[in-house]
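Let me begin by presenting the structure, written as structure tokens, before commenting on it.
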Protein chains: 2
Amino acid sequence: MKKIFHPESVAVIGASVKPEKIGGIIINNLLAAGYQGKIYPVNPKYDQIKELKCYHSLKEIKKNIDLVIIATPAATVLGILDETVGLKNPPKNFIIISAGFAESGAEGQALEKQISDLAQKNKLNIIGPNCLGVINTQNGLNASFANKNFLSGNVGLISQSGAFAVALMDLGKKENLGFSYIATIGNKTVVDEADLLEYFAQDKKTQAVGIYLENIKRGEQFLNILKRTSQQKPIFIVKGGSSPKSQNAILSHTGAMAGDEEVAESLIGEAGGFYLPTTFDLINNLKIFSHFRAPLNNKIAVLTNAGGPGILAADYISQSSDLTLYEFSEQQKNNLKNKIPEASSCSNPIDLRGDADHFRYELALKELAKIKNIGALLVVATAQAQTDIPLIYESLRAAQKYCSFPVIPVVMSAIEQTTKEKMPNFVEPSCAVRALGNYYLWTSRKKTKLVKIVKNKINTARQKQSNHYLEEIKKHGRPILLANETANLGKLYTFNILDSIRTSSANPANLSYPIVLKIDSDKILHKNKEGGLIMGIKNPGELSSAIDQLHTKFPKTDLIIQKTVKPGLELIIGLKNDNNFGSIIMLGLGGIATEILNIKIFFSLQNNLQYIKTKIDTSPLSKILAKQRIKSETVAKEISKAITLASENPSLKEADFNPIIFYPDSPPIAIDFKVVLK
Amino acid sequence: MKKIFHPESVAVIGASVKPEKIGGIIINNLLAAGYQGKIYPVNPKYDQIKELKCYHSLKEIKKNIDLVIIATPAATVLGILDETVGLKNPPKNFIIISAGFAESGAEGQALEKQISDLAQKNKLNIIGPNCLGVINTQNGLNASFANKNFLSGNVGLISQSGAFAVALMDLGKKENLGFSYIATIGNKTVVDEADLLEYFAQDKKTQAVGIYLENIKRGEQFLNILKRTSQQKPIFIVKGGSSPKSQNAILSHTGAMAGDEEVAESLIGEAGGFYLPTTFDLINNLKIFSHFRAPLNNKIAVLTNAGGPGILAADYISQSSDLTLYEFSEQQKNNLKNKIPEASSCSNPIDLRGDADHFRYELALKELAKIKNIGALLVVATAQAQTDIPLIYESLRAAQKYCSFPVIPVVMSAIEQTTKEKMPNFVEPSCAVRALGNYYLWTSRKKTKLVKIVKNKINTARQKQSNHYLEEIKKHGRPILLANETANLGKLYTFNILDSIRTSSANPANLSYPIVLKIDSDKILHKNKEGGLIMGIKNPGELSSAIDQLHTKFPKTDLIIQKTVKPGLELIIGLKNDNNFGSIIMLGLGGIATEILNIKIFFSLQNNLQYIKTKIDTSPLSKILAKQRIKSETVAKEISKAITLASENPSLKEADFNPIIFYPDSPPIAIDFKVVLK
């Protein structure tokens, strides 16, 4: 990866003398940003481009080439790559700008497959195709066809969409947000977000990483890298493609298939990343993390010349689940009152009144600087008649140095900073408070010891047994398992499955009523929905008519009987296959509650009991468990079993315990276990 | 009110030659904005201020004065008002800029009371005190000490905080958002938000109204005016002071007492206003409503040169509860494909690809203009190498004219418009989609017939009876009613209250077990919390020991017995007194569900059955009711009874049916009814 961002030489295939052509823009960008390495334009049509000698082919260069940028039509790309492989010192690193691959239909897909095969065979690093290129502001490498309009700084940006990167670079200029590395990955046929995240995370200059994704290519690896790196660097992810319709757009945009957003949000959060809903949030978070020091604790003070906006800031802090308002002691209030005019209010928010100039702000800032246990200070300023906004900005810049806590500007004004060096600003308090809350969260997480996550151990003997059992079933062409089969599978993994007996072998007189009657079919998965389940059967007479009813509705289908279990908390534990992350386990509320309360928690297969328990304890489910006096550990143990089941049986497509009933004083029992094979 | 915004003459008491003084700024503002009326500076110290003759007193002017602005210290204000009352043609309209009244403590509070008494006696209109003044951009009246930095336009702004108004005016300049009227109301001792809303709503120039409030002074009037006006003009409210701590700041800021935010949000929404969480949302909503035509329907198309941001836009539209993505027909897609290059994707979002220039945008815009059933078009543009942002803006401005639907720009760039006339822009898709959703909602509401809201009829005979009954109880100095008393009150309003009998008059052998035993105390309100309730008593033996237990815990307290009712849906219906709105009715989930699901719906006393039912039907409670097969009308009827109870009995401080149990097939029954008198 290093040679992609720090090449000593770059060849541009498809270089052009025409400044509006992509090959022309790339040459201009490489020349404009101060890149010190060698640049070799390649195009049979020219002998010279700008001040550079232009080569007619790669072969002609006869020098070591660290990075090859390809900006020729899709149809030519495979040939070019093939040619490089045959060179004496074949280059290993490529950026394929060209579009017209997987995103454009079956033909392009086939072409892309050939490229990725070739790359694998020859160990080529390829960024793209269908991307904008990469930028390293540290060495002036602008190997992209992006506009030159952006600031250098300490934010690493990875974007599946070139346009998204362009928007962030451009808006970053307005927001005083600068970048260390920018990588657009397009169809990411070889290099993907996981590779780049790993590379950016170890870079000293990079303080925060922003990522825009539409799908996640290697979910497990990405999560592992995220887990490893998210304590060192804050990582923010915006994900497009949450709606079925925009998933169509993704297919034609970067040729990807989007996964379930809830799952992505949950698993990215589990791995320590920040999953953000909007570009606005991304910019605000990057601004605070890249420029301001970390909050010292979660107690936030507000200083303002603006009554209403100051009150709003206090509201947002109070409402935040991560932050709280700093409480000034009487002594501290008196000290403040001695320094700033009597009319000012010295609680929190400290209201300096509308006629405060920058001198009054400075008096307050210097007094506040003496208080060592403020976590962060939000300074809300509006441009009232007596306010000189540029001078207030200068006071705030100075305060960053003499205050031990960060001083966050919320200047609600169109008036800009006039100095050369500029600070990020927040246009209103709520976005600053949200970002600051994340900063505090990340800082406190950083201090805690990371729970080491180990994959559940595979019991190879059991795995062999269960894989064989499922294979046998599949041989009969039945993807849906019957009740006795799911019971066998569940019991193998120590689940407590409620017994069921076929009506054909049951003696109605000997059953302990009330009972439940349901169909047992390898064709109908959702018995309840299809009307294949009758509950509360009280006696043999009712049973007989229930049997008739189901036999009429589902001819030639076996029926099974289960006893009615005592009421408890109905949960659902399900295994599903996610487009981004593969096999995952879902825990949700069952029964009537699901209709109202959509609580779902997702777990990756890389998990352990302690971590599963923590995740349950910090979810809304914890309240329900507490109320029903059910230990979260009891639930966590069942999740852990499900993870083992999933890990040992990759042939499972879906497996749902629905419901599995939990009790305060007895072991959980699974009433229904559905299994579908791949 | 008209003379405040359209005065023919203005006197400024406390006018100053010093430009930094408030009295100096006001004179400068009046002179600078083109106001054509007479200006009379008043200050005994000067004979002339700028080009104006300065009067030594109001009396000296001897002309009719439409508006008097007072900018002298608080202590002088009452004397000045007193003096005006004695004039031959006493002025009736005042703006009191001066601070130092209710917001500054008991002394100021007393002073303000004297002013409001004087105003009431002499029918004076007073804006303030402790405000920034008012602005009318239509006649150049800047009767404020605000910075002159703002645009004129069609937004009416009412702000309890002067600084909030300043922030919005200032940011409005950056956002191309202009104002018709601006009024800051400060302590609003006479004129309040209700008066101003009524005035702004009838103004032809004003297209949308933005309001910042910390408390609502006359809740009932405000809601009535909001109901009357919210179909004519969209009204947006941001409310500060939701946290207990910021409520302290409000007390010292505008001397107000904030109410419950949940209640405010619910009742403002009920009255057709938009309750917005942030200043950012307020600005975005005002931008879209003030500049763009209304969406024709809820089907939104997206046109973009930016893959990722276009996908995000489609996501937000799909996730919106009010909007949906427009679906192009095959014919429409083909027409588009004929006009724009083959590489472009012609589903929705229509992706013109990164190399789209403004000509390509125009081709697409003109083709889209032919499609008459698009509701609105979101145009997402990023500044890629080939994009000329100012030209794209020009294409979008032109498209507003030839498209029947609104064309909303989401230009994600720091590059500004270069023409003199500028359009509001949205910096990223999510904020545009949220605002557009509100625009659609408002437009469709505008078309529906407003449900006429009539206060429940007062039954004066019953009212007399119940008021008398409660007075008698209060005479004994008992604010908390006993069980038989609440039962009597409840039955008077046709509530079905579960019978209870004293243990002293019950024969344990004759009870139908299981039963519930509870204390009946006029001192302990929350029986359950205090341990004064034992459920599930199965026989006389258990009853006897339960009685012993409660007698030990609550000596000298009467005990009552209730039968156990069959399980159903436990709801809470409560009357509470809100700081902003007075008596209101709350409907919430009872029992275990409250711990998890905090569903609360609030109703003002101005309501009728149809409206109550609609509000329940559109709340999350509707799902629970449906699941349990309980008609929302059944619940609405009980709410209506509670409204009648509250309307007829203003002496009630709190009254809670908790729980009241609802069934699919039998009438609801209130298990416990607590009443507290004022």
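The values are calculated or read from the model by the stated rules, or taken from the named source; none is laboratory data. Not measured: the values here are computed from a predicted model. No Cβ is skipped: glycine too gets one built from the backbone with ideal geometry, and neighbour counts run over all protein chains shown. Please note that ligands, DNA and RNA were not included when accessible areas were found on the heavy atoms of the full protein model with its side chains. Shrake-Rupley method; radii C 1.70, N 1.55, O 1.52, S 1.80 Å.
Structure notes:
- Shape call, segment A:308-412: gyration tensor on alpha carbons, a/c limit 1.5: rounded
- For residue B:54, the accessible surface of its heavy atoms amounts to roughly 0 Å² (probe 1.4 Å, protein chains only, rounded to the nearest 10).
- Working note: Karplus 6.51/-1.76/1.60 with θ = phi - 60° gives segment A:574-584 the couplings x, 9, 9, 9, 9, 4, 8, 10, x, 5, 9 Hz, where Gly and Pro are set to x.
- Placing unit charges on the Cβ atoms of the charged side chains and taking the dipole of the protein assembly as shown about its Cα centre, the candidate lying farthest along the positive direction among A:647, B:183, A:181 is A:647.
- Here segment A:1-70 and segment B:309-357 have alpha carbon centers that stand 35 Å from each other.
- Between helix B:74-85 and chain B: long-axis angle, C-alpha atoms, 0 to 90°, nearest 10: 80 degrees
- When A:329, B:395 are compared by accessible area of protein heavy atoms, the largest-first order is A:329, B:395, using a 1.4 Å probe.
- What the phi angles of segment A:39-56 give under the Karplus curve with 6.51, -1.76 and 1.60, with θ = phi - 60°, is a coupling list of 10, 10, x, 10, 5, x, 7, 10, 9, 8, 10, 6, 8, 9, 5, 9, 8, 7 Hz, glycine and proline written as x.
- In a fully extended conformation the segment linking residue B:123 and residue B:629 would gain 176.5 nm over its present Cα-Cα distance, using 0.36 nm per residue.
- Shortest-first nm distances, residue A:654 label point to equivalent points in other copies (7 Å, Cα→Cβ): 4.8
- Given charges at beta-carbon only (K, R positive; D, E negative), |dipole| of chain A in Debye: 1700 debye
- About the Cα centre, charge dipole magnitude for the protein assembly as shown (Lys/Arg +1, Asp/Glu -1 at Cβ), debye: 240 debye
- Ascending distances from the residue B:567 label point to its copies in the other chains, with the point 7 Å along the Cα-to-beta-carbon line: 0.1 nm.
- Under the simplified labelling scheme, the residue B:666-residue A:469 pair shows an inter-label distance of 4.8 nm, with each label point 7 Å from Cα along Cα→Cβ.
- Peptides B:660-666, B:418-424 ranked from most to least packed, by the mean per-residue count of other Cβ atoms within 10 Å: B:660-666, B:418-424.
- Degrees between helix B:244-254 axis and first principal axis of chain B (Cα, 0 to 90, nearest 10): 50 degrees
- Solvent exposure of the protein assembly as shown amounts to 40 Å² per residue of accessible area, where only protein heavy atoms count and the probe is 1.4 Å.
- Solvent-accessible surface, computed for protein heavy atoms with a probe of 1.4 Å, shrinks by 50 Å² or more for the following residues of segment A:376-393 when the other protein chains are added to the isolated chain: A:384, A:385, A:386.
- Residues residue B:20 and residue B:526, FRET efficiency given R0 of 51 Å [Cβ-Cβ distance, rounded to 0.05]: 0.30
- Theoretical FRET efficiency, 1/(1+(r/R0)^6), r = Cβ-Cβ of residue A:330 and residue B:82, R0 35 Å, to 0.05: 0.30
- For segment B:600-678, a simple Cβ point-charge model (Lys and Arg +1, Asp and Glu -1, everything else neutral) yields a dipole of about 220 debye relative to the Cα centre.
- With every protein chain in place, segment A:1-139: carbon and sulfur % of accessible area (1.4 Å): 51 percent
- Averaged over B:314-324, number of beta-carbon atoms from partner chains that fall within 10 Å: 4
- Chain B shape via C-alpha gyration tensor axes, a/c threshold 1.5: oblate
- Inter-label distance, residue B:46 to residue B:577: 4.9 nm, where each label sits 7 Å from its Cα along the C-beta direction.
- Peptide A:301-308, shielding by other chains (average Cβ, 10 Å cutoff): 6
- Between residue B:420 and residue B:444, the C-beta separation translates, for a Förster distance of 45 Å, into a calculated FRET efficiency of about 0.80.
- For the pair residue A:506 and residue A:32, label points projected 7 Å from Cα toward Cβ lie 7.7 nm apart.
- Averaged over peptide A:97-110, the number of partner chain Cβ atoms lying within 10 Å of each residue's Cβ comes to 1.
- For the pair B and A, the buried accessible area comes to roughly 5700 Å² in total, with a 1.4 Å probe and the value rounded to the nearest 100.
- Long-range HN-HN contacts of residue A:211 with modeled amide H, under 5 Å: A:158, A:236, A:237, A:238
- Helix axis angle, B:106-122 relative to chain B longest principal axis, alpha carbon, degrees: 80 degrees
- Projecting the Cα atoms of B:403, A:663, B:115 onto the charge dipole of the protein assembly as shown (Cβ charges, centred on the Cα centre) puts A:663 farthest toward the positive pole.
- For chain A: relative contact order, % (alpha-carbon pairs under 8 angstrom, 6 or more apart): 9 percent
- Only Cα pairs under 8 Å and 6+ residues apart enter the sum, and on that basis the relative contact order of segment B:569-677 stands at 31 percent.
- Accessible area of segment B:293-444 belonging to carbon and sulfur atoms, whole % at 1.4 Å probe: 51 percent
- For residue A:50, the distances from its label point to the matching points in the remaining copies are 5.5 nm, ordered from shortest, with each point set 7 Å beyond Cα toward Cβ.
- With DNA, RNA and ligands ignored, accessible area of residue A:566 (1.4 Å probe; Å², nearest 10): 110 Å²
- Peptide packing: for A:488-496, A:287-295, the average count of neighbouring Cβ atoms within 10 Å per residue gives the ranking A:287-295, A:488-496, highest mean first.
- Segment A:460-563 shape via C-alpha gyration tensor axes, a/c threshold 1.5: prolate
- Taking each of A:233/A:422; A:173/A:204; B:457/B:627 in turn, the alpha-carbon distance tops 28 angstrom for B:457/B:627.
- Solvent accessible area, Å² - residue A:599, 1.4 Å probe, full protein context: 20 Å²
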